[in-house]
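A.B. asks: Structure provided below as C-alpha coordinates; questions to follow.
The values are calculated or read from the model by the stated rules, or taken from the named source; none is laboratory data. Keep in mind it's a predicted model, so treat the numbers as computed, not measured. Methodologically, a virtual Cβ is constructed for each residue, glycine included, from the backbone with ideal geometry; neighbour enumeration extends over all protein chains shown. Note: areas computed on protein heavy atoms with side chains; ligands, DNA, RNA excluded. Shrake-Rupley method; radii C 1.70, N 1.55, O 1.52, S 1.80 Å.
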Amino acid sequence: MKIDQNAINTAVTLLTEGKLIALPTETVYGLGGDARNEVAIQKIFRVKNRPPTNPLIIHLSSISAIEAFASNIPPAAWVLARAFWPGPLTLILAKHYSVLPSVTAHQSSVAVRIPNHPVALAVLEAFGGGIAAPSANFSGAISPTCAEHVKAGLGSAVDYILDGGPCQIGIESTIVSLLEDFPVILRQGHISAKAIADVLGHSAVLEKSKMNIVVPGTGLKHYAPSKPLYLMTRHEIEEKLRLDDLNHHSKYAVLSYSFGDSTNSWIRLEANASAYAHALYAALHRLDRTDAQSILVETPPLNMSWLAVHDRLQRAAVL
Ligand code: TXA
Ligand code: MG
(Lines give C-alpha, C1' and ligand atoms only; values in the text may rest on other atoms or scores of the structure.)
(Ligands and ions follow the chains in the order given, each with its own letter.)
Protein backbone atom coordinates (compact mmCIF):
# COMPACT_ATOMS: atom_id res chain seq x y z
CA MET A 1 0.00 0.00 0.00
CA LYS A 2 1.27 3.47 -0.93
CA ILE A 3 1.44 5.76 2.09
CA ASP A 4 0.22 9.34 1.64
CA GLN A 5 2.85 11.22 3.64
CA ASN A 6 0.79 14.43 3.69
CA ALA A 7 -2.10 12.56 5.28
CA ILE A 8 0.25 11.09 7.90
CA ASN A 9 1.66 14.56 8.67
CA THR A 10 -1.83 16.02 9.03
CA ALA A 11 -2.83 13.21 11.38
CA VAL A 12 0.27 13.68 13.53
CA THR A 13 -0.27 17.45 13.74
CA LEU A 14 -3.86 16.91 14.87
CA LEU A 15 -2.79 14.31 17.46
CA THR A 16 -0.21 16.74 18.83
CA GLU A 17 -2.96 19.37 19.17
CA GLY A 18 -5.09 16.97 21.23
CA LYS A 19 -7.50 16.28 18.37
CA LEU A 20 -8.91 12.92 17.29
CA ILE A 21 -8.25 10.95 14.12
CA ALA A 22 -9.76 7.75 12.78
CA LEU A 23 -7.05 5.33 11.72
CA PRO A 24 -7.13 1.97 9.97
CA THR A 25 -5.75 -1.11 11.70
CA GLU A 26 -5.78 -4.73 10.58
CA THR A 27 -8.71 -5.47 12.94
CA VAL A 28 -11.11 -2.51 12.85
CA TYR A 29 -10.78 1.28 12.49
CA GLY A 30 -9.71 3.05 15.68
CA LEU A 31 -10.61 6.48 17.08
CA GLY A 32 -7.16 7.69 18.06
CA GLY A 33 -5.98 10.38 20.43
CA ASP A 34 -2.73 11.17 22.25
CA ALA A 35 -2.59 8.71 25.17
CA ARG A 36 -0.74 11.34 27.27
CA ASN A 37 -3.25 14.14 26.69
CA GLU A 38 -6.20 14.26 29.08
CA VAL A 39 -8.19 16.55 26.77
CA ALA A 40 -7.88 14.07 23.90
CA ILE A 41 -8.85 11.15 26.14
CA GLN A 42 -11.95 12.95 27.43
CA LYS A 43 -12.89 13.71 23.83
CA ILE A 44 -12.66 10.01 22.92
CA PHE A 45 -15.11 9.07 25.68
CA ARG A 46 -17.44 11.96 24.80
CA VAL A 47 -17.50 11.35 21.04
CA LYS A 48 -18.16 7.63 21.42
CA ASN A 49 -20.59 8.11 24.28
CA ARG A 50 -18.44 5.54 26.05
CA PRO A 51 -18.86 4.85 29.75
CA PRO A 52 -15.79 6.17 31.63
CA THR A 53 -15.54 2.72 33.26
CA ASN A 54 -14.46 1.12 29.96
CA PRO A 55 -10.67 1.42 29.55
CA LEU A 56 -8.86 2.14 26.27
CA ILE A 57 -6.12 0.25 24.41
CA ILE A 58 -2.85 2.17 23.92
CA HIS A 59 -1.28 1.56 20.52
CA LEU A 60 2.52 1.55 20.36
CA SER A 61 5.07 1.86 17.58
CA SER A 62 7.70 -0.47 19.02
CA ILE A 63 7.95 -3.39 21.41
CA SER A 64 10.34 -1.51 23.68
CA ALA A 65 7.68 1.19 24.17
CA ILE A 66 5.84 -1.25 26.45
CA GLU A 67 8.16 -0.02 29.20
CA ALA A 68 6.81 3.52 28.96
CA PHE A 69 3.27 2.37 29.69
CA ALA A 70 3.59 -0.83 31.78
CA SER A 71 5.55 -1.97 34.83
CA ASN A 72 6.53 -5.35 36.31
CA ILE A 73 6.49 -6.70 32.76
CA PRO A 74 6.57 -10.52 32.86
CA PRO A 75 8.76 -12.47 30.39
CA ALA A 76 5.62 -13.81 28.69
CA ALA A 77 4.80 -10.26 27.53
CA TRP A 78 8.04 -9.99 25.57
CA VAL A 79 7.59 -13.47 24.14
CA LEU A 80 4.05 -12.76 22.95
CA ALA A 81 4.96 -9.31 21.64
CA ARG A 82 7.83 -10.73 19.61
CA ALA A 83 5.66 -13.54 18.27
CA PHE A 84 2.53 -11.57 17.38
CA TRP A 85 3.34 -7.85 17.01
CA PRO A 86 2.57 -6.02 14.95
CA GLY A 87 -0.69 -7.96 15.02
CA PRO A 88 -4.17 -8.50 16.45
CA LEU A 89 -3.14 -9.20 20.06
CA THR A 90 -3.67 -6.87 23.03
CA LEU A 91 -1.73 -7.43 26.26
CA ILE A 92 -3.07 -6.44 29.68
CA LEU A 93 -0.20 -5.56 32.01
CA ALA A 94 0.31 -3.69 35.27
CA LYS A 95 0.26 -0.01 34.34
CA HIS A 96 3.16 2.39 34.53
CA TYR A 97 2.55 5.15 37.13
CA SER A 98 2.66 7.78 34.37
CA VAL A 99 -0.39 6.47 32.47
CA LEU A 100 -3.42 8.77 32.75
CA PRO A 101 -6.05 7.22 35.06
CA SER A 102 -8.81 8.08 32.57
CA VAL A 103 -7.18 5.84 29.92
CA THR A 104 -7.30 2.77 32.16
CA ALA A 105 -10.64 3.71 33.74
CA HIS A 106 -8.80 4.00 37.07
CA GLN A 107 -7.73 0.36 36.96
CA SER A 108 -4.17 -0.59 37.90
CA SER A 109 -3.73 -2.41 34.57
CA VAL A 110 -3.19 -1.12 31.04
CA ALA A 111 -3.93 -2.53 27.57
CA VAL A 112 -1.26 -2.24 24.84
CA ARG A 113 -0.76 -3.45 21.28
CA ILE A 114 1.06 -2.72 18.01
CA PRO A 115 -1.41 -2.83 15.11
CA ASN A 116 -0.39 -4.41 11.83
CA HIS A 117 -1.39 -1.83 9.25
CA PRO A 118 1.09 0.29 7.27
CA VAL A 119 -0.93 3.49 7.78
CA ALA A 120 -1.32 2.96 11.54
CA LEU A 121 2.38 2.10 11.84
CA ALA A 122 3.38 5.19 9.84
CA VAL A 123 1.29 7.45 12.12
CA LEU A 124 2.57 5.77 15.28
CA GLU A 125 6.16 6.09 14.18
CA ALA A 126 5.86 9.73 13.11
CA PHE A 127 3.91 10.65 16.24
CA GLY A 128 6.37 8.89 18.51
CA GLY A 129 4.04 8.45 21.48
CA GLY A 130 1.22 6.10 22.38
CA ILE A 131 -2.13 6.45 20.67
CA ALA A 132 -5.17 5.53 22.74
CA ALA A 133 -7.73 4.10 20.34
CA PRO A 134 -11.01 2.32 20.89
CA SER A 135 -12.94 1.16 17.84
CA ALA A 136 -14.24 4.17 15.88
CA ASN A 137 -17.96 3.60 16.46
CA PHE A 138 -20.56 4.80 18.96
CA SER A 139 -20.38 2.72 22.10
CA GLY A 140 -22.31 -0.53 21.60
CA ALA A 141 -22.64 -0.21 17.81
CA ILE A 142 -20.98 -2.30 15.09
CA SER A 143 -17.25 -1.63 14.72
CA PRO A 144 -16.13 0.02 11.45
CA THR A 145 -14.08 -2.05 9.01
CA CYS A 146 -13.67 0.65 6.35
CA ALA A 147 -13.45 4.46 6.27
CA GLU A 148 -17.03 4.68 4.94
CA HIS A 149 -18.36 3.06 8.13
CA VAL A 150 -16.58 5.69 10.22
CA LYS A 151 -18.03 8.50 8.10
CA ALA A 152 -21.53 7.04 8.32
CA GLY A 153 -21.22 6.58 12.10
CA LEU A 154 -19.11 9.09 14.02
CA GLY A 155 -18.89 11.35 10.96
CA SER A 156 -17.82 14.93 11.63
CA ALA A 157 -17.21 14.22 15.33
CA VAL A 158 -13.82 12.91 14.16
CA ASP A 159 -11.36 15.63 13.15
CA TYR A 160 -9.74 13.56 10.40
CA ILE A 161 -10.22 10.12 8.85
CA LEU A 162 -7.22 8.27 7.44
CA ASP A 163 -8.47 5.90 4.75
CA GLY A 164 -6.43 2.70 4.67
CA GLY A 165 -8.93 0.53 2.82
CA PRO A 166 -10.93 -2.34 4.28
CA CYS A 167 -9.54 -4.02 7.43
CA GLN A 168 -7.89 -7.34 6.77
CA ILE A 169 -9.01 -9.24 9.89
CA GLY A 170 -12.36 -7.52 10.45
CA ILE A 171 -12.92 -8.28 14.16
CA GLU A 172 -11.23 -6.77 17.22
CA SER A 173 -7.93 -8.03 18.63
CA THR A 174 -7.61 -10.97 21.01
CA ILE A 175 -7.13 -9.60 24.54
CA VAL A 176 -4.88 -11.56 26.88
CA SER A 177 -4.25 -10.60 30.48
CA LEU A 178 -0.81 -11.33 31.92
CA LEU A 179 -1.69 -10.12 35.41
CA GLU A 180 -2.00 -13.62 36.82
CA ASP A 181 0.54 -16.46 36.86
CA PHE A 182 -1.11 -17.84 33.73
CA PRO A 183 -2.45 -15.97 30.67
CA VAL A 184 -6.19 -15.26 30.63
CA ILE A 185 -8.04 -14.58 27.38
CA LEU A 186 -10.49 -11.72 28.01
CA ARG A 187 -11.69 -11.31 24.42
CA GLN A 188 -11.53 -13.88 21.62
CA GLY A 189 -10.05 -12.80 18.31
CA HIS A 190 -8.08 -13.96 15.31
CA ILE A 191 -5.21 -15.18 17.52
CA SER A 192 -6.48 -18.25 19.36
CA ALA A 193 -5.78 -19.45 22.90
CA LYS A 194 -3.99 -22.38 21.33
CA ALA A 195 -1.68 -20.13 19.30
CA ILE A 196 -0.83 -18.25 22.50
CA ALA A 197 -0.25 -21.45 24.48
CA ASP A 198 1.95 -22.82 21.69
CA VAL A 199 4.17 -19.74 21.71
CA LEU A 200 4.44 -19.71 25.50
CA GLY A 201 5.25 -23.40 25.53
CA HIS A 202 2.60 -24.35 28.05
CA SER A 203 -1.09 -25.05 27.93
CA ALA A 204 -2.31 -23.06 30.93
CA VAL A 205 -4.29 -20.44 29.09
CA LEU A 206 -7.58 -19.62 30.76
CA GLU A 207 -10.41 -18.48 28.50
CA LYS A 208 -12.59 -16.17 30.53
CA SER A 209 -14.71 -15.20 27.57
CA LYS A 210 -15.78 -18.84 27.26
CA MET A 211 -17.01 -18.72 30.83
CA ASN A 212 -19.35 -15.82 30.09
CA ILE A 213 -17.34 -13.32 32.09
CA VAL A 214 -17.55 -9.98 30.39
CA VAL A 215 -14.51 -7.75 30.09
CA PRO A 216 -14.83 -4.77 32.46
CA GLY A 217 -16.84 -1.95 31.00
CA THR A 218 -18.23 -3.83 28.02
CA GLY A 219 -21.92 -4.23 28.60
CA LEU A 220 -23.36 -7.49 27.36
CA LYS A 221 -24.99 -5.89 24.35
CA HIS A 222 -22.22 -4.82 22.03
CA TYR A 223 -21.30 -4.84 18.36
CA ALA A 224 -25.02 -4.47 17.69
CA PRO A 225 -26.81 -3.16 14.59
CA SER A 226 -29.76 -0.82 15.19
CA LYS A 227 -32.24 -3.45 13.98
CA PRO A 228 -32.87 -6.45 16.22
CA LEU A 229 -30.63 -9.38 15.29
CA TYR A 230 -31.65 -13.00 15.85
CA LEU A 231 -29.39 -16.04 15.75
CA MET A 232 -31.20 -19.00 14.20
CA THR A 233 -30.65 -22.32 12.50
CA ARG A 234 -31.03 -22.59 8.75
CA HIS A 235 -34.30 -24.44 9.31
CA GLU A 236 -35.72 -21.70 11.55
CA ILE A 237 -34.78 -19.02 9.02
CA GLU A 238 -36.42 -20.92 6.15
CA GLU A 239 -39.54 -21.32 8.25
CA LYS A 240 -39.72 -17.59 9.05
CA LEU A 241 -39.19 -16.64 5.42
CA ARG A 242 -41.89 -19.03 4.29
CA LEU A 243 -44.38 -17.32 6.61
CA ASP A 244 -43.10 -13.91 5.55
CA ASP A 245 -43.71 -14.81 1.89
CA LEU A 246 -47.31 -15.60 2.68
CA ASN A 247 -47.70 -12.09 4.05
CA HIS A 248 -46.25 -10.60 0.84
CA HIS A 249 -43.87 -8.23 2.47
CA SER A 250 -40.28 -8.50 3.35
CA LYS A 251 -39.56 -8.08 7.00
CA TYR A 252 -36.25 -9.80 7.22
CA ALA A 253 -32.67 -9.34 6.13
CA VAL A 254 -30.59 -12.52 6.24
CA LEU A 255 -26.94 -13.35 6.89
CA SER A 256 -26.15 -16.97 6.04
CA TYR A 257 -23.15 -19.14 5.28
CA SER A 258 -24.66 -22.45 4.14
CA PHE A 259 -27.58 -21.54 1.91
CA GLY A 260 -29.16 -18.81 -0.17
CA ASP A 261 -27.74 -16.38 -2.71
CA SER A 262 -26.70 -12.83 -1.94
CA THR A 263 -29.20 -10.13 -2.92
CA ASN A 264 -29.96 -6.66 -1.52
CA SER A 265 -31.29 -7.97 1.75
CA TRP A 266 -29.47 -11.29 1.89
CA ILE A 267 -25.75 -11.79 2.35
CA ARG A 268 -24.17 -15.20 2.18
CA LEU A 269 -20.66 -15.27 3.62
CA GLU A 270 -18.01 -17.92 3.14
CA ALA A 271 -18.19 -20.97 5.40
CA ASN A 272 -14.67 -20.25 6.63
CA ALA A 273 -14.13 -18.58 10.01
CA SER A 274 -11.42 -16.08 8.95
CA ALA A 275 -13.17 -15.10 5.73
CA TYR A 276 -16.46 -14.79 7.61
CA ALA A 277 -14.90 -12.62 10.34
CA HIS A 278 -13.27 -10.42 7.71
CA ALA A 279 -16.64 -9.68 6.09
CA LEU A 280 -18.94 -9.83 9.14
CA TYR A 281 -19.15 -6.18 10.23
CA ALA A 282 -19.44 -4.86 6.67
CA ALA A 283 -22.31 -7.32 6.14
CA LEU A 284 -24.06 -6.18 9.34
CA HIS A 285 -23.57 -2.51 8.41
CA ARG A 286 -25.15 -3.19 5.02
CA LEU A 287 -28.08 -5.27 6.25
CA ASP A 288 -28.74 -2.67 8.93
CA ARG A 289 -29.29 -0.09 6.16
CA THR A 290 -31.94 -2.15 4.35
CA ASP A 291 -35.61 -1.52 5.13
CA ALA A 292 -36.02 -4.92 6.75
CA GLN A 293 -37.34 -4.86 10.30
CA SER A 294 -34.88 -7.37 11.69
CA ILE A 295 -31.77 -9.34 10.79
CA LEU A 296 -31.76 -13.13 10.88
CA VAL A 297 -28.29 -14.62 11.23
CA GLU A 298 -27.65 -18.28 10.59
CA THR A 299 -25.80 -19.60 13.64
CA PRO A 300 -22.26 -20.43 12.46
CA PRO A 301 -20.74 -23.87 13.04
CA LEU A 302 -20.13 -24.71 16.70
CA ASN A 303 -16.46 -25.23 16.32
CA MET A 304 -13.38 -23.76 18.03
CA SER A 305 -12.20 -21.80 15.01
CA TRP A 306 -15.52 -19.88 15.08
CA LEU A 307 -15.19 -18.82 18.74
CA ALA A 308 -14.43 -15.14 18.06
CA VAL A 309 -17.30 -14.91 15.56
CA HIS A 310 -19.74 -16.52 18.02
CA ASP A 311 -18.64 -14.07 20.70
CA ARG A 312 -19.45 -11.06 18.47
CA LEU A 313 -22.75 -12.46 17.20
CA GLN A 314 -23.98 -13.42 20.65
CA ARG A 315 -23.36 -9.90 21.90
CA ALA A 316 -25.07 -8.40 18.85
CA ALA A 317 -28.13 -10.65 19.23
CA VAL A 318 -31.34 -9.97 21.08
CA LEU A 319 -31.08 -12.26 24.07
O1 TXA B 1 -8.60 -4.56 17.59
C2 TXA B 1 -8.72 -3.77 18.52
O3 TXA B 1 -8.39 -4.05 19.68
C4 TXA B 1 -9.31 -2.40 18.20
C5 TXA B 1 -8.31 -1.62 17.36
C6 TXA B 1 -8.74 -0.20 17.10
O7 TXA B 1 -7.05 -1.68 17.98
N8 TXA B 1 -9.63 -1.67 19.39
C9 TXA B 1 -10.67 -2.01 20.19
O10 TXA B 1 -10.87 -1.13 21.23
O11 TXA B 1 -11.38 -2.98 20.00
P12 TXA B 1 -12.20 -1.10 22.09
O13 TXA B 1 -12.05 0.06 22.98
O14 TXA B 1 -13.37 -1.12 21.19
O15 TXA B 1 -12.10 -2.40 22.95
C16 TXA B 1 -11.09 -2.46 23.93
C17 TXA B 1 -11.41 -3.50 24.93
C18 TXA B 1 -12.57 -3.12 25.82
O19 TXA B 1 -13.44 -4.22 25.92
C20 TXA B 1 -11.92 -2.83 27.15
O21 TXA B 1 -12.75 -3.14 28.22
C22 TXA B 1 -10.69 -3.74 27.10
O23 TXA B 1 -10.27 -3.64 25.77
N24 TXA B 1 -9.64 -3.22 27.99
C25 TXA B 1 -8.91 -2.09 27.85
N26 TXA B 1 -8.08 -1.92 28.89
C27 TXA B 1 -8.28 -2.96 29.72
C28 TXA B 1 -7.75 -3.35 30.96
N29 TXA B 1 -6.83 -2.62 31.60
N30 TXA B 1 -8.20 -4.51 31.52
C31 TXA B 1 -9.13 -5.26 30.90
N32 TXA B 1 -9.69 -4.94 29.71
C33 TXA B 1 -9.27 -3.80 29.13
MG1 MG C 1 -15.21 -1.40 20.49
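A.B. asks: Arrange the residues Lys2, Lys251, Lys19, Lys151 by how much accessible surface each exposes, largest first, with a 1.4 angstrom probe. Please list the in-between numbers first.
C.D. replies: Details: Lys2 185, Lys251 45, Lys19 70, Lys151 105 Å².
Solvent-accessible surface, decreasing: Lys2, Lys151, Lys19, Lys251.
A.B. asks: In the chain, what % of DSSP beta bridges are antiparallel (nearest 5)?
C.D. replies: Just about 40 percent of them are antiparallel.
A.B. asks: A further question follows. Can you give the helix-only mean residue ellipticity at 222 nm for the chain, where every DSSP H stretch with n ≥ 4 adds -39500 (n - 2.57) and the sum goes over all residues, rounded to the nearest 500 deg cm²/dmol?
C.D. replies: -9000 deg cm²/dmol
A.B. asks: Apply 1/(1 + (r/R0)^6) to the Cβ-Cβ distance of Glu180 and Ser62, taking R0 = 41 Å, and write down the FRET efficiency to the nearest 0.05.
C.D. replies: FRET efficiency, Glu180 to Ser62: 0.95.
A.B. asks: Excluding ligands and nucleic acids, what accessible area in Å² is computed for Thr13 using a 1.4 Å probe, to the nearest 10?
C.D. replies: Thr13 exposes around 70 Å² with every protein chain in place.
A.B. asks: Nearest 10 degrees, 0 to 90: what angle lies between the long axis of helix 38-48 and the longest principal axis of the chain (Cα atoms)?
C.D. replies: Taking Cα atoms only, the helix is inclined about 0 degrees.
A.B. asks: Per-residue accessible area for Ser258 at 1.4 Å probe radius, Å² rounded to 10?
C.D. replies: In the full protein context, Ser258 sits at about 40 Å².
A.B. asks: Now a separate question. With a Cα-only, solvent-free Debye model of segment 1-93, what are the log10 I(q)/I(0) values at q = 0.11 Å⁻¹?
C.D. replies: Those come out to -0.38, one per q.
A.B. asks: Once you place label points 7 Å from the Cα toward the Cβ at Lys251 and Gln314, how far apart are they in nm?
C.D. replies: Modelled inter-label distance: 2.7 nm.
A.B. asks: While we're looking at this one, here's another question. Report D for segment 18-173 in µm² per second (integer): Stokes-Einstein, Kirkwood Rh on Cα pairs, 37 °C, 0.692 mPa s.
C.D. replies: On the way: Rh = 15.2 Å.
Result for D is 216 µm²/s.
A.B. asks: In whole Å, what are the Cα extents of segment 119-166 along the three principal axes, biggest one first?
C.D. replies: Extents along the principal axes: 30, 20, 17 Å.
A.B. asks: Taking the Cβ-Cβ separation of Ala94 and Phe138 as r and a Förster radius of 45 Å, what is the calculated FRET efficiency to the nearest 0.05? Please report the intermediate quantities before stating the final value.
C.D. replies: Values: r = 31 Å, r/R0 = 0.68.
Rounded to the nearest 0.05, the efficiency is 0.90.
A.B. asks: Now, a different point. Taking the Cβ of Thr27 as the centre, find all other residues whose Cβ is under 12 Å away and add up their charges (Lys, Arg: +1; Asp, Glu: -1). Show your work: numbers first, answer last.
C.D. replies: Values: positive: Arg113, Arg187, Arg312; negative: Glu26, Glu172.
After counting each charged neighbour, the total is +1.
A.B. asks: Fully extended, how many nm does the chain gain between Gln42 and Ser305 (0.36 nm per residue separation, minus their Cα-Cα distance)?
C.D. replies: Net length gain for the segment: 91.0 nm.
A.B. asks: For segment 1-154, what is the charge dipole size about the Cα centre, in debye to the nearest 20, if Lys and Arg each add +1 at the Cβ and Asp and Glu each add -1 at the Cβ?
C.D. replies: The dipole of segment 1-154 has a size of about 280 debye.
A.B. asks: Now for a separate question. Calculate I(q)/I(0) for the chain by the Debye formula, one identical point scatterer on each C-alpha and no solvent, and give its log10 at q = 0.09 Å⁻¹ to two decimals.
C.D. replies: Normalising to I(0) and taking log10 leaves -0.45.
A.B. asks: Also, quick follow-up: Once the Cβ-Cβ distance between Thr13 and Val199 is put in as r, and R0 is 41 Å, what FRET efficiency do you end up with, to the nearest 0.05?
C.D. replies: Approximately 0.60, to the nearest 0.05.
A.B. asks: Turning to a different aspect of this structure: Taking the square root of 5 times each eigenvalue of the Cα gyration tensor, what semi-axes in Å does the equivalent ellipsoid of segment 47-106 have, largest first?
C.D. replies: Its equivalent ellipsoid spans semi-axes of 22, 14, 9 Å.
A.B. asks: Here's another thing I want to ask about it. How far is helix 5-16 tilted, in degrees, relative to the longest principal axis of the Cα atoms in the chain, given as a value from 0 to 90 rounded to the nearest 10?
C.D. replies: Helix 5-16 sits at roughly 70 degrees to that axis.
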